[in-house]
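What follows is a single structure, written as structure tokens, with notes after it.
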Amino acid sequence: MKHLISIDDLSKDEIIGILDKAEDFEDVALGLRSCKILEGKILANLFFEPSTRTRISFETAMKRLGGEVVNVSAQEASSMAKGETLADTVRVISNYCDAIVIRHFLEGAARFAAENSSVPVINAGDGAGQHPTQTLLDLYTIRKECRRLEGLTIALVGDLKYSRTIHSLIKALKLFKNKIYLVSPEILALPEEFLEELDGNAEKAKLEDIIESVDVLYVTRIQKERFLDEEEYRRVAGSYRITPEIVSRMKDGAIILHPLPRVDEIDVRVDSMRQARYFKQAFYGVPVRMAILSEVML
Ligand code: NCD
């Protein structure tokens with residue numbers, strides 16, 4: 001069975017294969033071509049944390065491919081409120097559907113769900129752990145907008161400690177040859193284990209020193225919900241912000257990505273600048289998730 005729990009579950013060739021497949025689905029995602037290859041299939045969306053893009057784009061992807069979606073929302077509304085375990089919930093739901101997409105606040109929850117499921121499980125974010133489908137759409141966006149996945153200078157900016165999109169992206173980036181800069185307040189620095197994954201190919205930097213050299217500026221939100229200490233959050237809140245002045249120093253063809261939601265780390269005036277690609281990136285979630293769904297369900 002083909003679960004997708006961590007980006008490590010995929011080889012470089014498999015990643016490229018999914019990106020190529022997503023390319024073929026773009027016109028279906030735009031509603032320009034009909035392709036009902038998932039007709040008769042049911043996807044269960046099991047979300048224990050807030051989500052807009054991930055949940056809706058999975059749902060849209062499934063429906064555009066002719067499939068159906070059941071949504072199992074918040075713990076309060078399901079039998080988990082009566083004390084049912086995640087294992088039992090997954091065991092039961094997996095008998096109702098053909099694949100499960102799960103988002104959970106605990107790291108490891110998706111892996112645990114997969115162990116208890118009779119159908120493929122896709123991790124849509126587990127705590128500060130992994131977010132492999134976001135990584136695939138991030139790579140897709142980079143390849144579309146920069147026309148390559150190697151030989152780039154990529155700056156990862158913001159909350160490198162708790163962002164699962166960063167932790168997941170780093171595991172994929174180690175497969176491609178790029179220069180990586182890590183830009184964060186000290187207390188949000190990338191954990192040692194991920195630094196090791198990058199094997200000396202990443203360097204801590206200050207934004208003002210490198211902004212002119214980057215091809216991709218990947219910005220993240222401070223993951224407020226992951227802080228154990230409110231005081232620690234207050235110390236870094238608002239500590240970085242991408243403004244039009246900063247963006248105007250970027251070189252030709254450079255792009256800004258963000259998994260979204262944005263809070264205040266990118267000034268809204270940047271949205272209309274040519275470097276801003278984060279809304280396009282959110283759209284690419286649909287063809288990429290179509291490719292993932294067809295991969296695990298067919
Ligand atoms: C991200 C997440 O949930 O990790 N959102 C997303 O899926 N696009 C990023 C975030 O919440 O900051």
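The values are calculated or read from the model by the stated rules, or taken from the named source; none is laboratory data. Remember, predicted model here, so these are calculated numbers, not experimental data. Methodologically, a virtual Cβ is constructed for each residue, glycine included, from the backbone with ideal geometry; neighbour enumeration extends over all protein chains shown. Please note that ligands, DNA and RNA were not included when accessible areas were found on the heavy atoms of the full protein model with its side chains. Shrake-Rupley method; radii C 1.70, N 1.55, O 1.52, S 1.80 Å.
Among Val236, Val270, which is more than 16 Å from the ligand (Cβ to nearest atom) and open to solvent by less than 80 Å² (accessible area, probe 1.4 Å)?
Details: Val236 fails: more than 16 Å from the ligand (Cβ to nearest atom).
Just a single option satisfies the conditions, and that option is Val270.
Identify all residues within the stretch 1-27 that are outside any helix (DSSP H, G or I) and either closer than 16 Å to Asn123 by Cα or of a type in the set (Phe, Trp, Tyr) (or both); write none if there are none.
Passing the criteria: Met1, Lys2, His3, Leu4, Ile5, Ser6, Leu10.
Out of Lys224, Lys171, Lys177, Lys161, report the one residue that is open to solvent by 50 Å² or more (accessible area, probe 1.4 Å), out of contact with any strand residue (DSSP E or B) (no Cβ under 6 Å at 6 or more places or on another chain) and under 14 Å from Gln130 (Cα atoms). One residue alone meets the criteria, Lys161. Of everything in the stretch 65-111 that is touching a residue at least 40 places away in the same chain (Cβ under 8 Å), closer than 21 Å to Pro50 by Cα and open to solvent by 70 Å² or more (accessible area, probe 1.4 Å), the residue that is farthest from the ligand (Cβ to nearest atom) is Arg111. Met290: of a type in the set (A, V, I, L, M, F, W, C) and in the same structural domain as Val69 (by TED's automatic domain parsing), yes or no? Yes; evaluated as a whole, the condition is true for this residue.
For the stretch 227-283, the candidate set comprises residues that are touching a strand residue (DSSP E or B) at 6+ places or on another chain (Cβ under 9 Å) and polar (S, T, N, Q); within that set, the residue that is nearest to Lys144 (Cα to Cα) is Gln281.
Under the condition of being aliphatic (A, V, I, L, M) and open to solvent by 10 Å² or more (accessible area, probe 1.4 Å), which residue from the stretch 30-58 is farthest from Gln130 (Cα to Cα)? Walk me through it before giving the result.
Filtering the stretch 30-58 for residues aliphatic (A, V, I, L, M) gives 30, 32, 37-38, 42-44, 46, 56.
With open to solvent by 10 Å² or more (accessible area, probe 1.4 Å) added as a condition, the list becomes 30, 32, 37, 42, 56.
Values: Leu30: 28, Leu32: 33, Ile37: 28, Ile42: 24, Ile56: 19 Å.
Among those that are aliphatic (A, V, I, L, M) and open to solvent by 10 Å² or more (accessible area, probe 1.4 Å), it is Leu32.
Applying a threshold of 8 Å to beta carbon distances and a minimum spacing of six or more residues, or different chains, the list of pairs starting in the stretch 112-139 at a residue that is within 17 Å of Ser94 (Cβ to Cβ) and not assigned by TED's automatic domain parsing to the domain that holds Glu59 and ending at one that is within 11 Å of the ligand (Cβ to nearest atom) and open to solvent by 10 Å² or more (accessible area, probe 1.4 Å) is empty. Scanning the stretch 252-267 for residues that are away from the ligand (no atom under 16 Å from the Cβ) and open to solvent by less than 80 Å² (accessible area, probe 1.4 Å) yields Gly253, Ala254, Ile255, Asp267. Do we find a residue being within 16 Å of the ligand (Cβ to nearest atom) and either buried (at least 16 other Cβ atoms within 10 Å of the Cβ) or at pLDDT 95 or above (or both) anywhere in the stretch 194-215? Yes: the stretch 194-215 contains one or more residues that are within 16 Å of the ligand (Cβ to nearest atom) and either buried (at least 16 other Cβ atoms within 10 Å of the Cβ) or at pLDDT 95 or above (or both).
Close contacts from the stretch 206-225, counting a first residue that is within 17 Å of Val263 (Cα to Cα) and a second that is open to solvent by 40 Å² or more (accessible area, probe 1.4 Å) and in a loop (DSSP other than H, G, I, E, B), with Cβ to Cβ under 7 Å and a gap of 6+ residues or different chains, come to Arg221/Pro261; Arg221/Arg262; Arg221/Val263; Ile222/Ala237.
Tally time: how many residues in the stretch 112-152 are surrounded by fewer than 17 Cβ atoms within 10 Å (Cβ to Cβ) and of a type in the set (Lys, Arg)? Summing the residues that are surrounded by fewer than 17 Cβ atoms within 10 Å (Cβ to Cβ) and of a type in the set (Lys, Arg) in the stretch 112-152 gives 2.
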